[in-house]
1. Quick check on my filter: what residues within segment 111-128 are more than 21 Å from residue 73 (Cα to Cα) and either without any contact (Cβ under 8 Å) to a residue 40 or more places away in the chain or of a type in the set (A, V, I, L, M, F, W, C) (or both)?
2. Does segment 22-33 hold any residues that are surrounded by 13 or more Cβ atoms within 10 Å (Cβ to Cβ), more than 20 Å from residue 7 (Cα to Cα) and not hydroxyl-bearing (Ser, Thr, Tyr), and which are they?
3. So the check is Cβ under 9 Å with 6+ separation or different chains; which pairs have a first residue in segment 79-98 that's on the phi > 0 side of the Ramachandran plot and in contact (Cβ under 8 Å) with a residue 12 or more places away in the chain and a second one that's surrounded by fewer than 23 Cβ atoms within 10 Å (Cβ to Cβ) and in a helix (DSSP H, G or I)?
4. Of all residues in segment 4-57, how many are more than 15 Å from the chain's Cα centre (by Cα) and of a type in the set (Lys, Arg)?
5. Test of understanding: among 82, 77, 100, which residue is surrounded by fewer than 20 Cβ atoms within 10 Å (Cβ to Cβ) and of a type in the set (A, V, I, L, M)?
6. Checking residue 107 against (1) touching a Cys at 6+ places or on another chain (Cβ under 8 Å); (2) over 23 Å from residue 44 (Cα atoms), which single condition isn't satisfied?
7. Among the residues of segment 119-147 satisfying the criterion of being aromatic (Phe, Trp, Tyr) and modelled with pLDDT of 95 or more, which is nearest to residue 5 (Cα to Cα)?
8. From the list 105, 18, 59, which one is surrounded by fewer than 16 Cβ atoms within 10 Å (Cβ to Cβ) and either closer than 25 Å to residue 159 by Cα or acidic (Asp, Glu) (or both)?
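The values are calculated or read from the model by the stated rules, or taken from the named source; none is laboratory data. Because the structure is predicted, anything quoted here is derived from the model rather than measured. Cβ placement follows ideal geometry from the backbone for every residue including glycine, while neighbour counts extend to all protein chains displayed.
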Amino acid sequence: MDSTEISFRTKIQLSDVENLVNLARSTGYFNDEEVMIVQELVQETLDQPKSGYCWIIAENERIPVGFTCYGSIAGSLNTWDLYWIVVAQNLRGGGIGKKLIRQTEHDVKANNGALLIAETSGRQQYQDTHSFYQRCGYTLEATIKDFYAPLDDKLFYVKRM
């Protein structure tokens with residue numbers, strides 16, 4: 001699939017409860033507990049539209065193929081968290097992730113955001129993720145050793161806008 005065939009939407013739909021969960025699960029990157037967090041966030045957004053969770057869903061022929069979930073950090077002046085960025089495993093490397101993150105950054109800037117933080121695992125499995133953030137202009141600013149488990153650090157990538 002050509003990434004030009006991708007459209008974007010920002011409104012969560014009832015079908016996203018299942019579709020985004022399945023998308024996150026299909027990547028092979030997230031454990032069952034993490035996948036359930038996607039379900040909780042989608043459901044909370046449906047139940048409380050002013051929950052503070054923002055979404056950009058990439059679609060091909062109305063089928064979700066990627067998404068970001070992000071929001072402003074309470075108590076900060078202009079700092080935002082990128083909670084999730086997910087692209088279907090079979091479409092990784094095709095530019096969808098870059099388009100999603102650029103759309104997300106555009107929205108953060110439009111809402112007076114000046115700092116976007118992406119947190120991820122330090123495991124070797126996530127090396128492609130680390131490279132992706134760096135190619136998109138993010139800087140590794142902090143590491144918490146053994147955060148998720150022994151030898152599984154938490155990395156904080158930051159982009160100043």
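1. Applying the first criterion (more than 21 Å from residue 73 (Cα to Cα)) to segment 111-128 yields 122-128.
The answer is 122, 123, 124, 127, 128.
2. Passing the criteria: 25, 30.
3. Hits for this filter: 95/3; 95/4.
4. 2
5. Numbers: 82 fails: surrounded by fewer than 20 Cβ atoms within 10 Å (Cβ to Cβ); 100 fails: surrounded by fewer than 20 Cβ atoms within 10 Å (Cβ to Cβ).
Within the list 82, 77, 100, the selection yields 77.
6. (2)
7. We begin by selecting, within segment 119-147, every residue aromatic (Phe, Trp, Tyr); these are 126, 132-133, 138, 147.
Filter again for modelled with pLDDT of 95 or more, leaving 132-133, 138, 147.
Numbers: 132: 21, 133: 23, 138: 27, 147: 39 Å.
So the residue we want is 132.
8. Details: 105 fails: surrounded by fewer than 16 Cβ atoms within 10 Å (Cβ to Cβ); 59 fails: surrounded by fewer than 16 Cβ atoms within 10 Å (Cβ to Cβ).
Testing whether each residue is surrounded by fewer than 16 Cβ atoms within 10 Å (Cβ to Cβ) and either closer than 25 Å to residue 159 by Cα or acidic (Asp, Glu) (or both) leaves just 18.
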